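Just below is one structure, and these are the notes that go with it.
The values are calculated or read from the model by the stated rules, or taken from the named source; none is laboratory data. Values in this document were obtained by computation on a predicted structure and should not be read as measured data. Glycine also receives a Cβ, built like all others from the backbone with ideal geometry; neighbour counts cover every protein chain displayed. The accessibility values were calculated without ligands, DNA or RNA, using every heavy atom of the protein model including side chains. Shrake-Rupley method; radii C 1.70, N 1.55, O 1.52, S 1.80 Å.
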Amino acid sequence: MDLKRCEDKIIGMLFGMIVCFSSEALAQGEWYTEGDYAPTTRIEVTIVNPLNIERQDTPVSIHRPDLPFSNFGPREVMVVDPDLPSRPEPTEEERLRHGGHLTQEETNGSAIPYQLDDLDRDGLWDELFFVLDLMPRETKTVYLYLGYNNRGKYVHKTFAAIGDYSRHPVPMWESEVLTWKLFYPTDVDIQAKREPILNGYYSLVNNMSGYHFAYERGTDIMTVGTSFGSGGIGLFESAQRNFVSRPRFSPHRFSGPLEDTRYVFEVVSSGPIRSIVRVKTLNWRTGRGEYELEQYYTAYKGKYYSTCQVSYGKWYPLNAKTNFAAGIRKIMFETDNYIQDGVIISTARNMPVIDPNPETIDRERGTLDYAAVALAVKEKYHPEYQFISSFEGNHTFRIPVNGDRSYEYLIAAGWSDAPEYTTAEEFQQYVLDTVHEYNNPPRIAGLVMEEKEEGFKPIDYWTPPGP
């Protein structure tokens with residue numbers, strides 16, 4: 001056995017010792033209650049921040065197979081941070097306004113928003129997701145309390161949908177500060193906001209143009225055209241450094257849906273703290289190979305970035321040295337860029353407002369102090385920078401193909417009218433800090449299941465009372 005396999009085996013044994021079952025109430029910390037909800041079973045989750053920096057709203061994912069018990073649904077688990085102040089009993093006015101689903105008086109911590117996301121759409125959730133604030137090098141404990149509870153309401157901070165816009169389907173996903181959309185099926189458009197707000201439902205129902213929002217709702221800051229836009233994918237199938245294959249520019253373009261590349265769009269989740277859109281690219285025939293792939297685009301609460309996971313199912317390249325490609329457009333009127341260590345930031349200072357419609361309010365301003373887009377490929381995929389002069393000019397990464405035929409990247413955008421990061425320098429630092437965190441996610445260091453004898457089951461509101 002080689003050293004790496006030996007290390008993996010030892011780590012697996014240690015993790016197995018940590019993920020254990022305790023039948024006695026030997027847990028550290030008092031047990032959470034909420035109204036008449038007094039659970040008797042919980043899983044203690046130990047989370048480690050590997051970085052010596054403070055992290056806010058840090059994404060935390062726990063995969064279903066890693067839990068010591070996972071046979072529960074959305075209303076049968078509550079994620080509780082024992083360090084947060086407990087909510088008091090709601091007032092009569094709050095009860096009348098919000099109804100019976102409002103969280104009641106808590107003790108020993110407070111419940112936080114979470115999601116059980118079914119990523120593969122088979123009816124079973126795959127990831128438990130929540131966000132935490134973490135101090136430098138902190139080891140933090142949260143609890144998963146098991147047992148039915150029909151209460152708990154949270155304001156949504158993200159949104160996703162498949163809209164019908166300009167006579168074709170347009171997937172979109174958003175945080176309160178940015179909206180990403182696929183006006184073109186594999187190349188992202190970006191709409192930035194001046195105030196924290198969710199635009200998606202409003203814009204899709206009213207079929208609003210990204211240039212015709214009210215002032216606080218912001219405006220589009222990217223013209224995609226034939227470019228990679230704010231984020232796009234392709235393949236380097238040729239030895240020619242400047243040649244890239246792209247799904248919507250196959251040799252069969254405009255030959256009809258039986259011959260051309262096809263796409264399937266699906267909302268995987270929509271809030272409250274992350275939203276995911278899945279895109280399937282089918283029947284992509286480049287003349288140098290045949291491919292099918294899936295992309296999972298994700299928006300997160302409060303973030304100026306979205307992530308994308310890419311995986312190829314069908315993979316038949318004629319050239320065995322074919323590489324993945326991920327890129328962004330060289331932003332219009334680019335004045336400077338940052339290209340280093342798997343990160344690209346393309347910035348335009350004093351950028352003329354991108355607006356083909358003279359009636360839009362932004363026309364009165366004339367220029368933005370800055371606008372910028374960014375791309376980062378996870379460092380473990382060993383990205384290599386490559387500029388592509390075709391397709392209106394694009395900053396891209398060439399990514400070696402791995403055994404899983406998959407890779408991950410992050411896209412971000414900023415502008416001078418944003419709620420935060422209103423200078424190019426502030427945005428660049430935000431991107432670099434974000435990428436550092438992206439490459440070093442929180443680590444799940446322990447999962448311990450605990451039970452106690454005292455307590456009673458919460459009321460099942462959907463079951464009629466017995467005789």
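Only one of the numbered conditions (1) of a type outside the set (Ser, Thr, Tyr); (2) open to solvent by less than 40 Å² (accessible area, probe 1.4 Å); (3) in a strand (DSSP E or B); (4) over 26 Å from Lys330 (Cα atoms) is not met by Ile233, and that is (4). Only residues that are under 22 Å from Gln115 (Cα atoms) and in contact with a strand residue (DSSP E or B) (Cβ under 6 Å, 6 or more places away or on another chain) were counted in segment 272-300, giving 14. In this entry, Thr139 passes the filter for residues that are surrounded by fewer than 23 Cβ atoms within 10 Å (Cβ to Cβ) and either closer than 30 Å to Thr107 by Cβ or among the aliphatic types (A, V, I, L, M) (or both).
Inspection of segment 220-229 identifies no residue that is open to solvent by 30 Å² or more (accessible area, probe 1.4 Å), modelled with pLDDT of 95 or more and on the phi > 0 side of the Ramachandran plot.
Listed here are the residues, each with its yes/no results for (1) in contact with a Pro (Cβ under 8 Å, 6 or more places away or on another chain); (2) at negative phi; (3) of a type in the set (Lys, Arg); (4) assigned to a loop (DSSP other than H, G, I, E, B).
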{"position": "Pro113", "(1), (2), (3), (4)": "yes, yes, no, yes"}
{"position": "Leu119", "(1), (2), (3), (4)": "no, yes, no, yes"}
{"position": "Phe130", "(1), (2), (3), (4)": "yes, yes, no, no"}
{"position": "Asp133", "(1), (2), (3), (4)": "no, yes, no, no"}
{"position": "Lys140", "(1), (2), (3), (4)": "no, yes, yes, no"}
{"position": "Leu144", "(1), (2), (3), (4)": "no, yes, no, no"}
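Here's the yes/no breakdown for (1) touching a residue at least 60 places away in the same chain (Cβ under 8 Å); (2) more than 13 Å from Glu127 (Cα to Cα); (3) among the basic types (Lys, Arg); (4) crowded, with 16+ Cβ neighbours inside 10 Å:
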| residue | (1), (2), (3), (4) |
| --- | --- |
| Tyr32 | yes, yes, no, yes |
| Ala38 | yes, yes, no, yes |
| Asn52 | yes, yes, no, no |
| Arg55 | yes, yes, yes, yes |
| Ile62 | yes, no, no, yes |
| Asp66 | yes, no, no, no |
| Gly73 | no, no, no, no |
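Each residue in segment 416-440 was checked for being among the polar types (S, T, N, Q) and without any contact (Cβ under 8 Å) to a residue 60 or more places away in the chain, and 4 pass.
The criterion of at least 1 residues that are under 11 Å from Tyr145 (Cα atoms) is met, among strands (runs of 3 or more DSSP E) falling completely within segment 38-84, by 41-48, 77-81.
Exactly one residue among Pro352, Pro356 is open to solvent by 60 Å² or more (accessible area, probe 1.4 Å), at pLDDT below 95 and farther than 30 Å from Ile43 by Cβ, and that residue is Pro356. Selection of segment 44-90 for residues being closer than 17 Å to Tyr154 by Cα and of a type in the set (Val, Ile, Thr) yields Val77, Val79, Val80.
Just name the residue that is nearest to Gln309 (Cα to Cα) out of those in segment 206-219 that are surrounded by fewer than 22 Cβ atoms within 10 Å (Cβ to Cβ) and of a type in the set (Phe, Trp, Tyr). Residue satisfying both the conditions and the ranking: Tyr211. The set of residues in segment 427-437 being surrounded by 15 or more Cβ atoms within 10 Å (Cβ to Cβ) and more than 11 Å from Leu51 (Cα to Cα) consists of Phe427, Gln428, Tyr430, Val431, Leu432, Thr434, Val435. Applying the set (1) open to solvent by less than 60 Å² (accessible area, probe 1.4 Å); (2) assigned to a strand (DSSP E or B); (3) in contact (Cβ under 8 Å) with a residue 40 or more places away in the chain to Ser203 leaves exactly one unmet item: (2). Select from segment 365-420 the residues that are among the hydroxyl-bearing types (Ser, Thr, Tyr), open to solvent by less than 50 Å² (accessible area, probe 1.4 Å) and assigned to a strand (DSSP E or B) and list them in ascending order. Hits for segment 365-420 are Tyr370, Thr396, Ser406, Tyr407, Tyr409. Report, by residue number, each residue of segment 183-219 that is of a type in the set (Phe, Trp, Tyr) and at pLDDT 90 or above. Once the filter is applied, which keeps residues that are of a type in the set (Phe, Trp, Tyr) and at pLDDT 90 or above, segment 183-219 yields Phe183, Tyr184.
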